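Novice: Below: one structure in structure tokens.
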Amino acid sequence: MKIAMLARNASLYSHQRLKKAAEERGHQLDIINTLRCYMNIASRRPEIYYNGHILPKYDAVIPRIGASVTFYGLAVLRQFEMMGVFPLNESVAIGRSRDKLRSLQILSREGVGLPVTTFAHDPRQTEEVLELAGGAPLVIKLLEGTQGIGVVLADTDRSAKSVVEAFRGAKVNILVQEFIKEAGGEDIRVLVVGGKAIAAMKRTGAEGDFRSNLHRGGSANTVKISPEERSTAIRSAKAMGLNVCGVDMLRANHGPVVMEVNSSPGLEGIENATNIDVAGKIIELLEKRAQPGKTKTVGKG
């Protein structure tokens with residue numbers, strides 16, 4: 001197969017692992033800088049140009065689109081889809097996952113366990129929103145934040161109100177969520193590939209940090225997940241319509257609650273923690289499913 005990977009930084013561990021895994025199986029994988037693509041949106045003749053040349057025909061495309069370039073990255077991915085190229089994850093599904101509010105609404109509809117989450121526009125409703133979320137301590141998140149950036153833990157109702165008002169003053173959208181204290185600064189990431197939970201790791205936050213993101217100094221170890229956690233991860237991926245994703249969940253007293261579904265999960269942490277060839281399993285999925293013109297919108301919402 002000829003595979004295109006949309007990625008801005010070709011040297012990242014995840015991108016190099018996917019390239020190596022593809023080449024070891026006899027495929028050609030070209031890493032294409034997403035922002036250097038430009039498109040000819042002509043009737044029945046969609047084309048993508050790259051560095052002054054029209055891109056050749058590919059069998060599949062792996063979107064590794066950074067959060068900061070989501071809008072343009074999805075436009076490029078849609079153009080590939082219009083050309084009949086099979087996407088590892090579809091543009092519609094990635095768009096759902098990048099919108100924290102929309103993704104939580106979809107998961108809620110499917111009955112997936114979630115932390116109590118509130119959202120409002122009118123600043124006069126701040127106190128009601130905090131009360132709905134269960135009161136302090138509360139986690140306040142920017143809708144557009146990634147890798148733990150724009151996430152604040154407010155220990156008191158007063159501090160929560162101040163944080164909410166500060167974010168609103170900056171005219172940014174936020175979610176207010178209950179704080180799952182029993183999680184103890186740890187979360188579980190489950191990698192789902194082709195409807196199967198293939199790997200899981202427990203991430204622990206750095207000393208004094210309630211966020212467990214590896215980018216923020218957290219550590220990771222392999223973990224055995226329960227049947228309920230496995231089912232939650234698989235259901236979450238299906239609800240979002242993602243073939244490959246990382247499902248982040250906390251262990252609450254009442255069962256697993258999903259915090260986020262990541263459509264471009266990093267591979268370094270989970271491969272090192274579990275010694276599982278995640279990159280190889282992703283390429284195997286493409287081998288099984290990549291067919292011309294098989295793009296379709298999976299899931300609803």
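Novice: Among what's in the range 162-199 and is within 30 Å of LYS281 (Cβ to Cβ) and touching a Gly at 6+ places or on another chain (Cβ under 6 Å), pick the residue that is modelled with the lowest pLDDT.
Specialist: Result: GLY185.
Novice: Among (1) within 23 Å of ASN272 (Cα to Cα); (2) of a type in the set (Gly, Ala, Ser); (3) at pLDDT 95 or above, where does GLY66 come up short?
Specialist: Unmet for GLY66, out of (1) within 23 Å of ASN272 (Cα to Cα); (2) of a type in the set (Gly, Ala, Ser); (3) at pLDDT 95 or above: (3).
Novice: Now for a separate question. Being part of a loop (DSSP other than H, G, I, E, B), among the charged types (D, E, K, R) and closer than 24 Å to ASN173 by Cβ is the filter here; which residues of the range 52-106 pass it? Quick ask: steps written out before the conclusion?
Specialist: The initial filter retains those residues of the range 52-106 that are part of a loop (DSSP other than H, G, I, E, B), namely 52, 55-59, 64-66, 83-85, 88-90, 99.
Checking the rest, the ones that are also among the charged types (D, E, K, R) come to 57, 59, 64, 90, 99.
Result: ASP99, single match.
Novice: Take GLU110 and decide whether it is charged (D, E, K, R) and free of Cβ contacts under 8 Å to residues at least 12 places away in the same chain. Walk me through it before giving the result.
Specialist: On the way: charged (D, E, K, R): yes; free of Cβ contacts under 8 Å to residues at least 12 places away in the same chain: no.
So GLU110 fails the test.
Novice: Scan the range 65-105 residue by residue and report those that are free of Cβ contacts under 8 Å to residues at least 12 places away in the same chain and of a type in the set (Ser, Thr, Tyr). Don't jump to the end; show me each part of the working.
Specialist: First, pick out the residues of the range 65-105 that are free of Cβ contacts under 8 Å to residues at least 12 places away in the same chain: 68, 71.
If the condition is that a residue be free of Cβ contacts under 8 Å to residues at least 12 places away in the same chain and of a type in the set (Ser, Thr, Tyr), then SER68 is the only one that fits.
Novice: List the number of the failed condition for SER14; all other conditions in (1) part of a loop (DSSP other than H, G, I, E, B); (2) within 30 Å of PRO256 (Cα to Cα) hold.
Specialist: Among (1) part of a loop (DSSP other than H, G, I, E, B); (2) within 30 Å of PRO256 (Cα to Cα), the lone unmet condition for SER14 is (1).
Novice: Further question: Which condition breaks for SER159 when tested against (1) modelled with pLDDT of 80 or more; (2) among the polar types (S, T, N, Q); (3) touching a Lys or Arg at 6+ places or on another chain (Cβ under 7 Å)?
Specialist: Checking SER159 against (1) modelled with pLDDT of 80 or more; (2) among the polar types (S, T, N, Q); (3) touching a Lys or Arg at 6+ places or on another chain (Cβ under 7 Å), the one that fails is (3).
Novice: Sticking with this structure for a sec: Among the candidates ARG25, ARG36, single out the residue that is in contact (Cβ under 8 Å) with a residue 60 or more places away in the chain and exposed (fewer than 15 other Cβ atoms within 10 Å of the Cβ).
Specialist: Numbers: ARG36 fails: in contact (Cβ under 8 Å) with a residue 60 or more places away in the chain.
ARG25 is the lone residue from the list that is in contact (Cβ under 8 Å) with a residue 60 or more places away in the chain and exposed (fewer than 15 other Cβ atoms within 10 Å of the Cβ).
Novice: How many residues does the range 263-277 contain that are farther than 9 Å from SER14 by Cβ and either among the basic types (Lys, Arg) or surrounded by 21 or more Cβ atoms within 10 Å (Cβ to Cβ) (or both)?
Specialist: Count: 3.
Novice: Taking the range 156-181 only, how many residues are closer than 22 Å to GLY113 by Cβ and more than 24 Å from the chain's Cα centre (by Cα)?
Specialist: Matching residues across the range 156-181 total 0.
Novice: Answer with yes or no whether GLU186 is touching a Ser or Thr at 6+ places or on another chain (Cβ under 7 Å) and in contact (Cβ under 8 Å) with a residue 24 or more places away in the chain.
Specialist: Yes, satisfied.
Novice: Can you list the strands (runs of 3 or more DSSP E) lying wholly within the range 209-262 that have 1 or more residues being of a type outside the set (Lys, Arg), modelled with pLDDT of 90 or more and closer than 23 Å to SER108 by Cβ? Walk me through it before giving the result.
Specialist: On the way: elements: 219-222, 244-252, 255-262.
Correct list: 244-252, 255-262.
Novice: Still on this structure, I have one more. Need the failing condition index for ASP277 against (1) under 19 Å from the mean Cα position of the chain (by Cα); (2) at pLDDT 95 or above; (3) acidic (Asp, Glu), just the number.
Specialist: Among (1) under 19 Å from the mean Cα position of the chain (by Cα); (2) at pLDDT 95 or above; (3) acidic (Asp, Glu), the lone unmet condition for ASP277 is (1).
The values are calculated or read from the model by the stated rules, or taken from the named source; none is laboratory data. Every value quoted in this text rests on a predicted model; they were computed, and no experiment measured them. Cβ sites come from the backbone with ideal geometry, for glycine too, and all protein chains shown count toward neighbours.
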